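Remarks on the structure that follows.
The values are calculated or read from the model by the stated rules, or taken from the named source; none is laboratory data. None of these values were measured; they are calculated from a predicted model. Backbone-built Cβ (ideal geometry, glycine too); neighbour counts: all protein chains shown.
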Amino acid sequence: MVNPRAWLAEAIATYGLVFFGPLSVILAVSEFGEGLTTMSVLFIALGHGGAIALMIYAFGHISGAHINPAVTIPMMITRKIGIADGIGYIISQLIGAVAAAATLKVIVPDLGAAVNFATQGGPSDVINNSISSGFAVEALLTFFLVLVIFMSAVHKKASPGWHGFTIGGMVFLIHLVSVPLTGASVNPARTFGPALISGFWEFHWLYWAAPILGGIIAGLLMNYIYVNKAEKEA
């Protein structure tokens, strides 16, 4: 059964991420300069991790608060959500992301150095601008994100009430270590909205393919090894 209320929740929650997350990047550039510093990376990581945690606590009981096609697709494959609802989720996530990026464009029309505020401009010099390394980083980090989601929010024996904090913490950690590497996407919607508004599409495929691959692998493994067993015992 399709659930439009859940679709709306996904759109709002993704709007929240793509508004507050990229805004933290814009403010970091404004406050700490164009180069990455310890403070700017911490600021960006807190902006994204905090937005995810709060949106999960706000909408997790409505839609599960996927906020990410790379989360919804594994949920569809493992039958935690129906195909129709899954498609509705992904479309809603993309709509929310575009709306948030458009809002930021209106608020900050001259982004200057922050014009790539959410487009993740590709693999950085730290990894020698290597596409294969960038792909591996995005896939591996999304693997751990979806692993945490399945084990803290989907698993029947997970400690109740901690999933928002745990998932938000993982998003914080992901940005802390990968902003200097790939810009830290792990979410196709997070990249798509600002890319559409800014017109920056370079490496865009990487931020779809790598997170989805990593998410599917994590979802299948966690579901097969741990989640299914707990559901059978429940």
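Looking at region 202-234, which of the residues that are in contact (Cβ under 8 Å) with a residue 12 or more places away in the chain and more than 30 Å from residue 157 (Cα to Cα) is surrounded by the fewest Cβ atoms within 10 Å (Cβ to Cβ)?
202
Yes/no matrix, rows are residues, columns are (1) closer than 23 Å to residue 222 by Cβ; (2) modelled with pLDDT under 95; (3) charged (D, E, K, R):
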site	(1), (2), (3)
12	no, no, no
27	no, yes, no
46	no, no, no
72	yes, no, no
83	yes, no, no
93	yes, no, no
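From (1) surrounded by fewer than 24 Cβ atoms within 10 Å (Cβ to Cβ); (2) of a type outside the set (Val, Ile, Thr); (3) part of a helix (DSSP H, G or I); (4) touching a helix residue (DSSP H, G or I) at 6+ places or on another chain (Cβ under 6 Å), pick out the condition that doesn't hold for residue 34.
(3)
When you go through 141, 173, 147 one by one, which is the residue that is surrounded by fewer than 24 Cβ atoms within 10 Å (Cβ to Cβ), under 13 Å from residue 218 (Cβ atoms) and within 14 Å of the chain's Cα centre (by Cα)?
Sole residue among the options that is surrounded by fewer than 24 Cβ atoms within 10 Å (Cβ to Cβ), under 13 Å from residue 218 (Cβ atoms) and within 14 Å of the chain's Cα centre (by Cα): 147.
Within region 179-200, how many residues turn out to be in contact (Cβ under 8 Å) with a residue 24 or more places away in the chain and surrounded by fewer than 21 Cβ atoms within 10 Å (Cβ to Cβ)?
Matching residues across region 179-200 total 5.
What number of residues in region 65-79 are buried (at least 18 other Cβ atoms within 10 Å of the Cβ) and over 21 Å from residue 192 (Cα atoms)?
The qualifying residues number 1.
Among (1) free of Cβ contacts under 8 Å to residues at least 12 places away in the same chain; (2) crowded, with 23+ Cβ neighbours inside 10 Å; (3) not hydroxyl-bearing (Ser, Thr, Tyr), there is one condition residue 18 misses while meeting the rest; what is its number?
(1)
Go through region 84-103 and count every residue that is among the aliphatic types (A, V, I, L, M), in contact with a helix residue (DSSP H, G or I) (Cβ under 6 Å, 6 or more places away or on another chain) and surrounded by fewer than 24 Cβ atoms within 10 Å (Cβ to Cβ).
6
Within region 130-150, can one find any residue that is modelled with pLDDT under 95, in a helix (DSSP H, G or I), among the hydrophobic types (A, V, I, L, M, F, W, C) and in contact with a helix residue (DSSP H, G or I) (Cβ under 9 Å, 6 or more places away or on another chain)?
Checked region 130-150: no residue is modelled with pLDDT under 95, in a helix (DSSP H, G or I), among the hydrophobic types (A, V, I, L, M, F, W, C) and in contact with a helix residue (DSSP H, G or I) (Cβ under 9 Å, 6 or more places away or on another chain).
Just need a number here: residues in region 167-184 that are assigned to a helix (DSSP H, G or I) and of a type in the set (Gly, Ala, Ser).
3
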